[in-house]
Every structure is written in structure tokens, then in C-alpha cells.
Amino acid sequence: MSDQVRPSKAFLLHAGCVLNTLFCLSAQADPLDPIVVTASRSEQTVSQTGSSVSVISTETIEKSSSKGIADALRGVAGLEVREASGIGSATSITIRGSAPGQTLVLVDGVRIGDATATDGAVDFGNLSAPDIERIEVLRGPQSALYGSDAMGGVINIITRRSDGPARKSVTLEAGSYGTLHSRASVSGSVDRFNYSFGIDAIHSDGFPRYGYRIKRPLLMADGVTSLPPLPWGDPTNRGGVTGRISYKLSDSAGLEFGLTAFSNALRFDNSFAFLPANVFSPRNHSNSTILQGFSRLKWSSDDGALDSQLTVFAHSTDRMIAQTEACFDAFFTSFDCRNGFRGTRQGAEYQGDYKLDGATGVITFGARTEVETARTSQDPAPAGSFTPVDAKQTTNSAFLQYRLPIGRRLDLSFGGRVDSVSSGPTFGTWRATASYRLEETGSRLHASIGTGAKIPSLFQRFSQFGSASLSPEESLGGDVGVEQKLFDGRVIVDVTAFANRYKNLVGFGFVASCSPAQIFGCYYNVGRADTRGLEASATVILAPDIWKARATYTYMAARDLVAGAPLLQRPRTQASASLTYSGVAKLELEGRMVFVGPRLDFAFPPVRLGAYARFDALASYKIDDRVTVFARLENLTNARYEEVYNFGVAGRSIYGGVKVTW
């Protein structure tokens, strides 16, 4: 066994420390067994799935407030959030060391990845949280269920579905850096109709994204000239709208419509400019718009054995980036320009869930067709300076899964999928899971193993740097863990070990396979990587209805097997903890901590970013049944750190507001 595969002494030491420490840390324990849909494409309880899954509740999302979805995901074991600098800036999320484009992001089960992005990744900086019921995070290869992009895992953002009398709420908030934030929602049902609508809007004056609160001297792109004085801020205006309407056609059939829209307009800084006036020029700005809709027909057979659903969906992402010194003419002279990106996705999917007689399980099967397009533009575009992308591809898929309960303790699942890309590859993936419960001891063993695959993006296949013959990226990964409940469920500990092996990763460079016209390089399959580690979480109710807390810990070793070096932007250690006090009527206080260990980041040569710990405090007071006031203190210690090299983060900040519900 090579050193790259053998568990290191450091790994075993970390594992021992975590197992010993987590029993002393605390978190909120949910007495119910949450129902999730992402782990198997149909409803089942968390205890029945062998997959590693986390659920973020609407309460946690609302506490993150103006920071939106990305901040709500901080602290989830196995996830890393990287924000360039401030609200609205480029934000990526990775799962278990995978690349951002290897994480599939869904809204109500519909994929929202940007078809024009280099790797198809979702920029979480564009996403707000208008009216979200919960977020399900599924870790590990999931391509057998969800196809391309689900190599590292799946993040499914589920908007609210409501039943009963109308419920309305309005939230208003203000705070540091000229931040103004508002959110409103309404939901309910009338006769056969159910409805839910939400809207979210934020403005922030922000702060200079490049160089803010960086102590060391910074130079411009020429490596000689000092950075000019920082401006007062980089404004952001971001908003979002969600809506779901359902109509019950009969006792066994229903129709549902959903709409999601996000917009983000911000000013950014050009760290690659050679002229001082161009670094912080107001001409550096971008606008993004995401629109997505679906209609879904659900029906059951007369005997109730077969549940079916047919979903028709459409998605578009439009981006405009105006930047100084961003384009080059035929003589390699730079000039200011505007670049446009438009990606679309539309298609249909059928899914059936057939319940076998007796307790012999459920068969889930289905088929999907999806058409993606990507178009780019440049203004101005002198002759010989720009080669646009105008590409299209169709992917047809079929999937099958068998969920088999054995007695009342064991649940198994086996699944597979085949994806076929027009003028491209056809590939298969598989997956198996197991969950075994020992109610007498409060223990649960869970395990999963499967393969992942990712189709190269349209840019990687069809741009001037692309190759239509690229093979899919592939992975093999698995995990095994134990969940233990103690003291009548007041303490819950879950420890999971995982490992993933990647091959055929798409890289960029000048290699023999590049065509003579690709003088600057091309995309090619060469990369191999290995990630393995430990995820742990602990929940403890110290005193019922008074003290509760939560803690997570992640240890991960991630290596580039070609270069024989650590993968960039992957910290070995991450941890989070929270402690909540609710011993005074109507008052809730919470303290939070997030720790991220040192990691390497992109530079020439790569640089080492230092570890950091950030502390926040939250308070809310319920004046009456309708009105709640709240406040947040962020970065209490005024820590200086970077999630992206040379891009600083906000200092000590305070926010406060009121929420009215009726």
C-alpha cells in the first residue's frame, strides 16, 4: 500500500481526538427523525438511508439572514465555503474536496448550474434565500441517482410548500457597511390550491474587495507598482423571488408549478490591471440573472402501488461582466470590454416509484432528457480578438434503484444509471447503501459506495480552448459511519470516514493533444486525485429548553496524484460549534464559532493561507406572537483572514432588525 493510500498517523490521531472530544461538545438534537428526499429521490427518514446527509432547517437559514444560502451552509461537516470578499462576490462550495463544478446544486429537484461557466459550477454569491423550507446536503458520489456533476455530492434547496390558513411575514434589517435587507413571504391554501411566495432584497455599500484589511504590502499585476488607495466600498444589489403553486386534481393526482429568480449586480476590483486607475475603476462591474421554472404532474395508480411524476423544466443564466484591461486585440494590446454569457437548460424527466407487495421494497425508475446551450459575446470585438462560443448538447438518461428493507433493522439500496451525450460519450454509474439500526443501544451503522461522473462543460468541449472528444471525469468513493444516541437522545454523535479517488480530471495546459491553432493551451484529460478523511458531528441538550449546542469537525487529506502535492484550497481541518441559551422567556442567545485550518491557494507559486477562527453572536427577543426583534454581532474578535488570496473579509460588524408574522 502506497503512502498516498495508507491512513497517516496524523489522520488516526485526529480521529481519536474527535471521538473523545465530541462527547463533550453540544448541539441541538431534533427528537424527530427528519424526512429527506434527496438521498433516494423519494421520501424516507434519515435513519433509513445509508447515505451521509444533513438537513439545514428554515430557522438556521433565516438566522443567516442577509448572507443567504452560502452562510447557512457554513459549518456543515465535509463542506467548504469560499467567498471572494463580501456579499454578492464569487462564492464556491465544495464537498469532501471535490471541485466546485463536481457538486450538483438543485432547486426543488431541478439543476441550476451555469452552462456557460468553465466547469459548470454554481456561484452561490448570486443566490439569496427568499422562502426556503430546508436545504438537504448529500455527501459522496451520487451520479447513479442524479447524473453528471454529482461526483462530490448534491445540495438540494427546497422552497416552502404550505397547507392551511394564510401566513405572512416581513423582515427588515440594517447594519454595518451600509447594509439594508428586506424579506417578505406569504403562504397558505384555499380549497384545492396551495401557494407559497417569497421575495428577498439586499443593498450593501460593502468594502473594497481586493486588498481590504490585508496587512502585507500589495503590488499590482506588474509586480512593481504599489496598489493605489482603496476606495470607500464596492456596492452590491442582490435579490431573489420564489413561488410554488399546487392544485389537487383528485385524490390521486396533483399539479405543481414552481418559479425561482435571482439577480445580482455588484462592483468588483480588477486585481490583474496594470494601470492604477483601472484596479478600482467603477467600470469593473457585473450583472447576473438566473431564471428557473418547472411544472410537475404527480399521480398514483388505482391500487396505490405506483406513484409517478412527470417534470418539465427550463433554466437560464445571463451574465454580463464589464472590466478594465480584460480583452486583447490581434496585437495583444489590452482594452476595456464587456463580456456576455448566456446559458440555457430545458428538458423533461419521468420518475416512477413502485411499491412491491409486502415489505419487499420500492423500485424507483425513470428517464430524463436535457438540452444545454452556451453562448458568449464581447463588446467591442475587433477582428481577430474574440472567438465566441455557440454550443449545444443533449443528454439522455435512464436510472433504476431498488430499496430493500430487511426486517425492521436493515435498509439496503442498489442503483445504477446510464447517461448518453449527443456527439459525446455514453457512460454508466452505480451506487449501493446500507443502514443498520440497533434501537436497544441507540446505535445506527450507515455506509455507501458508488461511482461519479461529470461531463466536460460546454466551454471545455467547444470553446477555442476546448476538445469535443474529452472523456467524462470519473470517481469512486465511499463512506462508513456510526451514529450513537445517548441519555435518551439528548446526546447524538455521528462519525463518518470517507475516501474518494478521481481520474480523467480535466486540466488546462499546452500539451501534444492541442491543435496547432490552440497556441495558448487546451483542455485535456490527465488529472488524478485522492481525498479521504473524517467527518464528525455532535448534538447535546445540556438542559432541556435552556442550553443546547452543536459541533462539527472535518479532517481531510486531499492530494493531486499527478503532481504529488496537496490539492489547492482544501484545508485539512475545519470545525464549527454553537451554544444556544433560551432560559429566559421569549429570549434566545447564541454564540457561534467557525475554524478553518491553513491551506494552499492559487498564486505563482502557490501561497499558504493561515488558519483562522471567527466568532459571532446572535440574539432574538419575541415581543409578542407577531413581532420578534433580533441582532447579530459578526467577527467579534475583528479577525483578519482570507478565504481567497489577497481578498479580505469584513471586520467587526453589527446588524439588527425586526420580523413581523401574522
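Taking the stated definitions as given, is residue 558 closer than 30 Å to residue 646 by Cβ and either at pLDDT below 95 or among the polar types (S, T, N, Q) (or both)? No: the conditions fail for residue 558. The set of residues in region 469-521 that are out of contact with any strand residue (DSSP E or B) (no Cβ under 8 Å at 6 or more places or on another chain) and either among the small types (Gly, Ala, Ser) or assigned to a strand (DSSP E or B) (or both) comprises 469, 489, 512, 517. Among the residues of region 17-37, at least one is of a type in the set (Ser, Thr, Tyr), over 26 Å from the mean Cα position of the chain (by Cα), more than 29 Å from residue 147 (Cβ to Cβ) and at pLDDT below 50. Of 639, 536, all but one fail to be surrounded by 15 or more Cβ atoms within 10 Å (Cβ to Cβ), at pLDDT 95 or above and not polar (S, T, N, Q); the exception is 536. Touching a residue at least 12 places away in the same chain (Cβ under 8 Å), touching a Lys or Arg at 6+ places or on another chain (Cβ under 8 Å) and not charged (D, E, K, R): does that describe residue 404? No; evaluated as a whole, the condition is false for this residue. Within the option set 383, 434, being more than 20 Å from residue 471 (Cβ to Cβ) and assigned to a strand (DSSP E or B) holds for one residue only, 434.
Somewhere in region 599-609, is a residue surrounded by fewer than 15 Cβ atoms within 10 Å (Cβ to Cβ), in contact with a Ser or Thr (Cβ under 8 Å, 6 or more places away or on another chain) and not in a loop (DSSP other than H, G, I, E, B)? Looking through region 599-609, none of the residues is surrounded by fewer than 15 Cβ atoms within 10 Å (Cβ to Cβ), in contact with a Ser or Thr (Cβ under 8 Å, 6 or more places away or on another chain) and not in a loop (DSSP other than H, G, I, E, B). Taking the criterion of being crowded, with 23+ Cβ neighbours inside 10 Å and either part of a helix (DSSP H, G or I) or free of Cβ contacts under 8 Å to residues at least 12 places away in the same chain (or both), the residues of region 49-69 that qualify are 65, 66, 68, 69.
Filtered by the rule that a residue be in contact (Cβ under 8 Å) with a residue 40 or more places away in the chain, farther than 30 Å from residue 499 by Cβ and assigned to a strand (DSSP E or B), region 555-589 gives 579, 580. The set of residues in region 301-358 that are in a strand (DSSP E or B), charged (D, E, K, R) and either in contact with a Ser or Thr (Cβ under 6 Å, 6 or more places away or on another chain) or more than 23 Å from residue 417 (Cβ to Cβ) (or both) comprises 307, 318, 319, 325, 336, 338, 342, 349, 353. Do we have residue 479 as in contact (Cβ under 8 Å) with a residue 24 or more places away in the chain, more than 24 Å from residue 371 (Cα to Cα) and crowded, with 22+ Cβ neighbours inside 10 Å here? Spelling it out, residue 479 is indeed in contact (Cβ under 8 Å) with a residue 24 or more places away in the chain, more than 24 Å from residue 371 (Cα to Cα) and crowded, with 22+ Cβ neighbours inside 10 Å. Among the residues of region 393-418, just one is in contact with a helix residue (DSSP H, G or I) (Cβ under 8 Å, 6 or more places away or on another chain) and within 22 Å of residue 463 (Cβ to Cβ), namely 393.
The values are calculated or read from the model by the stated rules, or taken from the named source; none is laboratory data. Note that the coordinates shown come from a computational prediction; the quantities given were computed from them, not determined experimentally. No Cβ is skipped: glycine too gets one built from the backbone with ideal geometry, and neighbour counts run over all protein chains shown.
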